[in-house]
Amino acid sequence: MLKILFVCLGNICRSPLAEAMFREKVENKGLSGHITCDSAGTGNYHVGEDPDERSIEIARKYNFPMIHKGRQLLAPDGKAFDYILAMDTSNHRNILRILNEQHAGLYLLGDFDPLEKGGEVPDPYFGGLDGFEDVYEILDRTLDHFLEFLIERHQLKHV
Ligand code: 4NP
């Protein structure tokens with residue numbers, strides 16, 4: 001089983017959306033027996049909280065389930081997960097600080113963006129709902145490509 005962790009700052013806006021969207025994509029490809037996912041934040045401001053209302057609104061609009069309580073990234077997550085996907089370069093830096101060692105599966109999620117390789121999933125927290133729509137669009141195309149990467153690299157066959 002491949003274990004995937006999506007990480008942002010607060011774990012209430014971007015990474016819970018990424019987790020929920022990716023789970024849906026994995027299920028649609030019949031790969032739930034091969035891939036599991038979770039999300040976490042580098043900060044501890046929203047531990048135990050539900051996702052942001054605006055992320056919930058996006059999940060409702062695009063009709064996918066999202067059940068998550070905010071949690072902070074911890075050092076043992078480095079050993080527990082095969083892939084850790086950072087939403088932006090600041091998250092990437094903080095992930096390395098928290099894990100306190102290199103991680104072979106640590107990537108910027110934007111490395112898989114077919115339109116803007118190495119781009120960031122911008123923090124939408126201080127903006128309006130349109131920023132969350134932008135996040136949804138970036139995640140939608142980028143998660144598709146990340147899933148294709150996993151399928152090829154690990155020779156995954158749907159069940
Ligand atoms: P997220 O967004 O990292 O996508 O969950 C944020 C949520 C909360 C804060 C910043 C970003 N905050 O400063 O509390």
Quiz item: For the stretch 115-136, does any single residue satisfy the condition of being part of a strand (DSSP E or B), touching a residue at least 12 places away in the same chain (Cβ under 8 Å) and away from the ligand (no atom under 16 Å from the Cβ)?
Solution: no
Quiz prompt | Out of PHE146, PHE64, sole residue that is touching a helix residue (DSSP H, G or I) at 6+ places or on another chain (Cβ under 9 Å), touching a residue at least 40 places away in the same chain (Cβ under 8 Å) and assigned to a loop (DSSP other than H, G, I, E, B) | solution = PHE64
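Here is a yes/no grid of residues against (1) within 24 Å of ASP140 (Cβ to Cβ); (2) not aliphatic (A, V, I, L, M):
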{"position": "SER15", "(1), (2)": "yes, yes"}
{"position": "SER32", "(1), (2)": "yes, yes"}
{"position": "ASP38", "(1), (2)": "yes, yes"}
{"position": "ALA75", "(1), (2)": "no, no"}
{"position": "ILE84", "(1), (2)": "yes, no"}
{"position": "ILE98", "(1), (2)": "no, no"}
{"position": "GLY105", "(1), (2)": "yes, yes"}
Self-check item: Out of LYS79, LYS3, LYS25, sole residue that is more than 14 Å from the ligand (Cβ to nearest atom) and buried (at least 16 other Cβ atoms within 10 Å of the Cβ)
Solution: LYS25
Exercise. Return a yes/no flag: does the stretch 95-105 have any residue that is within 13 Å of the ligand (Cβ to nearest atom) and either among the β-branched types (Val, Ile, Thr) or out of contact with any helix residue (DSSP H, G or I) (no Cβ under 8 Å at 6 or more places or on another chain) (or both).
Key: yes
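Among the residues of the stretch 20-40, are any among the β-branched types (Val, Ile, Thr), part of a loop (DSSP other than H, G, I, E, B) and either free of Cβ contacts under 8 Å to residues at least 40 places away in the same chain or touching an Asp or Glu at 6+ places or on another chain (Cβ under 8 Å) (or both)?
no
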Quiz item: In the stretch 82-106, which residue that is aliphatic (A, V, I, L, M), touching a residue at least 60 places away in the same chain (Cβ under 8 Å) and out of contact with any Gly (no Cβ under 7 Å at 6 or more places or on another chain) is surrounded by the most Cβ atoms within 10 Å (Cβ to Cβ)?
Solution: LEU85
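A short reminder: the numbers here are calculations on the coordinates, not readings from a lab. In this text, all values refer to a predicted model and were calculated from it rather than measured experimentally. Backbone-built Cβ (ideal geometry, glycine too); neighbour counts: all protein chains shown.
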